[in-house]
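Okay, structure first, notes after.
The values are calculated or read from the model by the stated rules, or taken from the named source; none is laboratory data. Quick caveat: nothing in here was measured; it's all calculated off a predicted structure. So basically every Cβ, Gly included, is an ideal-geometry build from the backbone, and we count neighbours across all protein chains shown.
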Amino acid sequence: MIDFAIELSFNNGAEYFIIPVNPERIEINEGGKGKIYDIVGPKGSTTLKDSDFDGSGEINVIKSPKLMEVSFSSIFPATKYPFVIVKDAYLMKPSEYLEYIQRWRKSKHPIRFICVSTTFDINIAASIEKFDWKEVAGCPGDIEYSITLKEYKFYQAQKVVEATDAQGNPVLYKQPSAPDTRVRPLTYTIQPGDNMWKIGMKVFGRDGRWREIQKLNNISDANLKKLQVGTVLKIPQD
């Protein structure tokens, strides 16, 4: 069982690979957008007594958190070193990993970043903000790289329509989006190449929710990598 693994994928899992050599560390930035303002003394308050103030100073207005940023560095190996975590059949040439990332980046579409460990899981859509690489001296063929990803939030533009209210005044309102009319299956049969995240994406769409499928079918974390083709899974209906 792999205790820690990172998967990058594109186009709802149509293309994907597991990072072959785990990075020494992964950096997560979950900053906020709080604003700092100066207040100037107690006078003029209508809600608190003067004695509640200690004069001028700073206040912090809490706002929505920033998008998550993820960065890590590692190598794409040209040799099957003992520390390579993927099986031989899934290990690509360093140039193939580069080709995937460069093509995904040029597409201007988000990728999917999945990090699974024994202590935490991360599953987000992300843009490739930065990707640097070089061939490692003394290790012919190995590619050393660093990558920075930023969380991507899917959104849909809504059409704004002009109308008038009961008094004849012009107003604007958003035209409602079409409802999701997809019928969710009661069960799903595991196909070759499936993993739990892919199954969640096929059934629920962009939000995944694969952990709910795992829980409903009593699949332990240890068995996530041992899914049998042909197994019928129950699908949550709420």
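Entry remark, the range 58-112: residues being acidic (Asp, Glu) and at pLDDT below 90 number 2 in total. The set of residues in the range 134-143 that are part of a strand (DSSP E or B) and buried (at least 17 other Cβ atoms within 10 Å of the Cβ) contains only Ile143.
Among the residues of the range 204-238, those that are assigned to a loop (DSSP other than H, G, I, E, B), at pLDDT 85 or above and either within 17 Å of the chain's Cα centre (by Cα) or among the polar types (S, T, N, Q) (or both) comprise Asn217, Asn218, Ser220, Gln228, Thr231.
Within the range 106-130, being part of a loop (DSSP other than H, G, I, E, B) and among the basic types (Lys, Arg) holds for one residue alone: Lys108. Among the residues of the range 184-203, the ones that are more than 16 Å from the chain's Cα centre (by Cα), among the hydrophobic types (A, V, I, L, M, F, W, C) and buried (at least 16 other Cβ atoms within 10 Å of the Cβ) come to 3 in all. Set side by side, the residues Ser146, Ser117, Ser127 differ, and just one is of a type in the set (S, T, N, Q) and without any contact (Cβ under 8 Å) to a residue 60 or more places away in the chain, which is Ser127. For the range 161-181, the condition of being in contact with a Lys or Arg (Cβ under 8 Å, 6 or more places away or on another chain), modelled with pLDDT of 75 or more and not assigned by TED's automatic domain parsing to the domain that holds Trp104 holds for none of the residues. Residues that are surrounded by 17 or more Cβ atoms within 10 Å (Cβ to Cβ) and not in a helix (DSSP H, G or I) within the range 87-105 comprise just one, Leu91.
Just so you know, in the range 66-104 the residues that are within 22 Å of the chain's Cα centre (by Cα) and of a type in the set (Gly, Ala, Ser) include one that is nearest to Glu27 (Cα to Cα), and it is Ser71.
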